[in-house]
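A.B. asks: Let me begin by handing over the structure; questions about it come next.
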2 protein chains.
Amino acid sequence: MKQLALGIVALMMMTPANADPTATGDLGLVIERAKGSVLLVDQSDRAALARIEGLGDLSHASLVYSPDERFAYVFGRDGGLTKVDIVTRQIANRVVQAGNAIGGAISDDGQLVAVSNYEPGGVRVFDADTLELVADIPTDSKTIGLVDAPGRRFVFSMWDTGETWIADFANGAPEITKITDMGKNPYDALITANGRTYITGLFGEDGLTALDLWADNPKPIRVLPGYGRGQEEMPVYKMPHLEGWALTDREFVLPAVGHHEVLWIDAETLTETGRTQTHGQPVFAMARPDGRQVWVNFAHPLNDTIQVIDSVSKQVIHEFSPGPAVLHMEFTARGHEVWISVRDANKVVVYDTHSFEKLREIAADSPSGIFFTARAHRTGL
Amino acid sequence: MKQLALGIVALMMMTPANADPTATGDLGLVIERAKGSVLLVDQSDRAALARIEGLGDLSHASLVYSPDERFAYVFGRDGGLTKVDIVTRQIANRVVQAGNAIGGAISDDGQLVAVSNYEPGGVRVFDADTLELVADIPTDSKTIGLVDAPGRRFVFSMWDTGETWIADFANGAPEITKITDMGKNPYDALITANGRTYITGLFGEDGLTALDLWADNPKPIRVLPGYGRGQEEMPVYKMPHLEGWALTDREFVLPAVGHHEVLWIDAETLTETGRTQTHGQPVFAMARPDGRQVWVNFAHPLNDTIQVIDSVSKQVIHEFSPGPAVLHMEFTARGHEVWISVRDANKVVVYDTHSFEKLREIAADSPSGIFFTARAHRTGL
């Protein structure tokens, strides 16, 4: 009887949600930007499971997952860092760590969460368990393009000074390596899935700049120096997201700045291999996980449309209109389906990526970013 | 009170294990080949959580995971297909589907589980939910090298006839495409992580054979036609595993058959780019997920040793002896740690892949294959 009595107490302390056994490999969170909430979704059931509220200003929010796919760390525009427990469906912890944040990353061992800030500039690093401050790295600049790299490292770039810093936490206190001359006003960056190549997009000059993080002393490598907003004739409605760069079999696909096209770049030589004309100014160009297709969405006012490009022929093979304000796409881990957020229709729509058939619509309040838990297992996401 | 009473009944039906909320992203199973059991492990805690018994003959066993990272499908040598629930830590279902099985795969949507058989030959496909037979594909041959490919497809090869078949389940009943002239006695195969290239190893002649699954009509492509067991002078103690092929940044690493070396092959041209001399006949050559290192174990009698090769310099940078009969290695999803099964020491040993420091030893009964749940999100694993 003693065992049973203890059991009852344990049961009373649980929410209904966690009385059921839960596996987390096929779950995800959708940012509801207007409400300051996240919607917990199940990929296999193509369903919303719960709404978790109270996350502050989620315009331009992003998040990363703990290695066990239980906790999400949500980076809000207002500097809020919120730890969400997707098993109990509750906020586990929340700190407001700065006045204006721009994104974050989690170390490869899952123990450190880093946030990059506009105001004040710099990077702050937190204990993933407690959200206590572990390191404060002032940079004297707005700080952008923060990513994780293998070996408890974070890499980030400075808008004002054109530097990229590598912060190595392998031995406790961070060792900082500073690379200068990355170019004028880097505005975003990405790291390749293998953690080798870091690439910044430049706002202040043409082209992009890459770093080979496997080199003993990484040096800036200019990419497409003759291409960019310098030759721009059209207004830029929205700077494309570099997270949206697709890596197909052997090429990157880069949303062109301002132009109605995507650029193809050889992943080894970092030289241009082709261009594909598109419906509008691309925002995200995302590769299906097998790299065979690239899905592209567009800036306002052409943001009701998706185009699908075949990565072998580089031709548009499918075009459709999910609805007004298509903001983000997320593929299932093995690419058989894609979820698309349609902000102004207040829904997320699920499609089969082989037949292009619409499979389900799920109600969501002004949805923007969609983040599936499989990101926990990947570098730079 | 009614609600509480129902709660008590629900609680009584649960095992202690699943009274706690569970996230499954950092779990794994270790095959205990002698006992016919699997050991449930937690990567973050570096600990064994539970032993699940009654899986039959697990010599040469492997397994795949459901997309939610809750169920493992274990393929036993005796033809047993066992569905293990890692949340409740119980066998959920088990069928003996043939007399002698050699491996299996799960479709990209997680709905179909396929098993390839020696006796009788052929492939049987089961409903992942119920384990009911969905399709029986006789091949008139021992069937090997079964992998999943994007679009509800399975690819497998015939030892006796030298054919590779693609079974496409996109529209319900399988459509079979047969490719002949793959070479004499294919004995194993792999598919690249993007699902594009399928490569068979040949026992009956030199070299290997590749297929480009993105081609409209895939044709056999000969790889290293002048290399293989035909020029063999040493006895082959164990045929290397092709699952053990590593893909580094731009190269495959292939355990040479019989020789004390690994071969490097350009991933695009499929031509040889180098060789690295090793301690013994390699069995598995596995890339750390970032591709920067390749870890190699060896055939009897040199199977107490691991060598680590740098994929840029192609030089051995570290060598150590975890203990007698090192059978398998599994990296954490982002590569910061590796788990190594040491069968004859009855333990699994965990190492930091950057410092090479030993972090933990975990008791296990004759451990062989180690399978982390992150495999659920990848093609061909």
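A.B. asks: If A:G369 passes every condition in (1) surrounded by 20 or more Cβ atoms within 10 Å (Cβ to Cβ); (2) in contact with a helix residue (DSSP H, G or I) (Cβ under 9 Å, 6 or more places away or on another chain); (3) more than 14 Å from every other protein chain (Cβ to nearest Cβ); (4) of a type outside the set (V, I, T) but one, which one does it miss?
C.D. replies: (2)
A.B. asks: Given the conditions (1) under 17 Å from the mean Cα position of the chain (by Cα); (2) of a type in the set (K, R); (3) within 14 Å of chain B (Cβ to nearest Cβ), which single one is not true for A:R70?
C.D. replies: Condition (1) is where A:R70 drops out.
A.B. asks: Which of the following residues is without any contact (Cβ under 8 Å) to a residue 60 or more places away in the chain and touching a helix residue (DSSP H, G or I) at 6+ places or on another chain (Cβ under 9 Å): B:V326, B:V294?
C.D. replies: B:V326
A.B. asks: Can you pull out every residue in segment A:270-288 that is within 14 Å of another protein chain (Cβ to nearest Cβ) and at pLDDT 90 or above?
C.D. replies: Of the residues in segment A:270-288, the ones within 14 Å of another protein chain (Cβ to nearest Cβ) are A:270, A:273, A:287-288.
A:T273, A:A287, A:R288, listed by residue number.
A.B. asks: Follow-up question, since we're still on this one. Can you confirm whether segment A:349-363 contains a residue that is in contact with a Ser or Thr (Cβ under 7 Å, 6 or more places away or on another chain) and modelled with pLDDT of 95 or more?
C.D. replies: No, segment A:349-363 contains no residue that is in contact with a Ser or Thr (Cβ under 7 Å, 6 or more places away or on another chain) and modelled with pLDDT of 95 or more.
A.B. asks: What single numbered condition from (1) part of a loop (DSSP other than H, G, I, E, B); (2) more than 14 Å from chain A (Cβ to nearest Cβ); (3) of a type outside the set (V, I, T) fails to hold for B:W264?
C.D. replies: For B:W264, the failing item is (1).
A.B. asks: Still on this structure, please answer the following. Of these, B:A135, B:A98, B:A114, which one is in a strand (DSSP E or B), more than 17 Å from the chain's Cα centre (by Cα) and more than 12 Å from chain A (Cβ to nearest Cβ)?
C.D. replies: Being in a strand (DSSP E or B), more than 17 Å from the chain's Cα centre (by Cα) and more than 12 Å from chain A (Cβ to nearest Cβ) holds for just one of B:A135, B:A98, B:A114, which is B:A135.
A.B. asks: From the list B:L58, B:L39, B:L29, pick out the single residue that is closer than 21 Å to B:V326 by Cα and in contact with a helix residue (DSSP H, G or I) (Cβ under 9 Å, 6 or more places away or on another chain).
C.D. replies: Matching residue, one of B:L58, B:L39, B:L29: B:L29.
A.B. asks: Take A:D109 and tell me if it is acidic (D, E), more than 19 Å from A:L29 (Cα to Cα) and at pLDDT 95 or above.
C.D. replies: Yes: the conditions hold for A:D109.
A.B. asks: If you don't mind, another one. Name every residue in segment A:174-193 that is within 14 Å of chain B (Cβ to nearest Cβ) and either in contact with a helix residue (DSSP H, G or I) (Cβ under 9 Å, 6 or more places away or on another chain) or buried (at least 23 other Cβ atoms within 10 Å of the Cβ) (or both), in order of residue number.
C.D. replies: Scanning segment A:174-193 gives a single hit, A:I191.
A.B. asks: Can you find a residue in segment B:141-162 that is within 14 Å of chain A (Cβ to nearest Cβ), acidic (D, E) and surrounded by fewer than 20 Cβ atoms within 10 Å (Cβ to Cβ)?
C.D. replies: Taking every residue of segment B:141-162 in turn, none turns out to be within 14 Å of chain A (Cβ to nearest Cβ), acidic (D, E) and surrounded by fewer than 20 Cβ atoms within 10 Å (Cβ to Cβ).
A.B. asks: A further question follows. For B:R375, work out the one condition from (1) within 14 Å of another protein chain (Cβ to nearest Cβ); (2) under 23 Å from B:S66 (Cα atoms); (3) part of a strand (DSSP E or B) it doesn't fulfil.
C.D. replies: (3)
A.B. asks: Would you pick out the residues in segment A:64-83 that are closer than 21 Å to A:S366 by Cβ and crowded, with 24+ Cβ neighbours inside 10 Å?
C.D. replies: Result: A:A72, A:V74, A:F75, A:G76, A:T82.
A.B. asks: Tell me, which residue of segment A:23-55 that is more than 14 Å from chain B (Cβ to nearest Cβ), charged (D, E, K, R) and not in a strand (DSSP E or B) is surrounded by the fewest Cβ atoms within 10 Å (Cβ to Cβ)?
C.D. replies: Filtering segment A:23-55 for residues that are more than 14 Å from chain B (Cβ to nearest Cβ), charged (D, E, K, R) and not in a strand (DSSP E or B), the one surrounded by the fewest Cβ atoms within 10 Å (Cβ to Cβ) comes out as A:E53.
A.B. asks: Right, here's the next one. Within segment B:301-321, count every residue that is under 20 Å from the mean Cα position of the chain (by Cα) and assigned to a loop (DSSP other than H, G, I, E, B).
C.D. replies: So the count comes out to 1.
A.B. asks: If I ask for residues that are closer than 18 Å to A:K83 by Cα, assigned to a loop (DSSP other than H, G, I, E, B) and without any contact (Cβ under 8 Å) to a residue 60 or more places away in the chain, which ones from segment A:117-132 would you list?
C.D. replies: Scanning segment A:117-132 gives A:D129, A:T130, A:L131, A:E132.
A.B. asks: Also, I was wondering about something else. Out of (1) within 21 Å of A:D266 (Cα to Cα); (2) assigned to a loop (DSSP other than H, G, I, E, B), the odd one out for B:T273 is which?
C.D. replies: (2)
Per-residue answers, yes or no, for (1) modelled with pLDDT under 90; (2) more than 21 Å from B:F156 (Cα to Cα); (3) of a type outside the set (D, E, K, R):
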residue: B:Q231; (1), (2), (3): yes, yes, yes
residue: B:W264; (1), (2), (3): no, yes, yes
residue: B:E268; (1), (2), (3): yes, yes, no
residue: B:F298; (1), (2), (3): no, yes, yes
residue: B:P301; (1), (2), (3): no, yes, yes
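A.B. asks: Right, here's the next one. Could you list all residues from segment B:331-366 that are more than 13 Å from chain A (Cβ to nearest Cβ) and either more than 21 Å from B:G25 (Cα to Cα) or of a type in the set (D, E) (or both)?
C.D. replies: Correct list: B:V342, B:R343, B:D344, B:A345, B:N346, B:K347, B:K358, B:E361, B:A363, B:A364, B:D365, B:S366.
The values are calculated or read from the model by the stated rules, or taken from the named source; none is laboratory data. None of the values given here were measured: they were computed from a predicted structure. Using ideal geometry, Cβ is built from the backbone for each residue, glycine included, and neighbour counts are taken over all protein chains shown.
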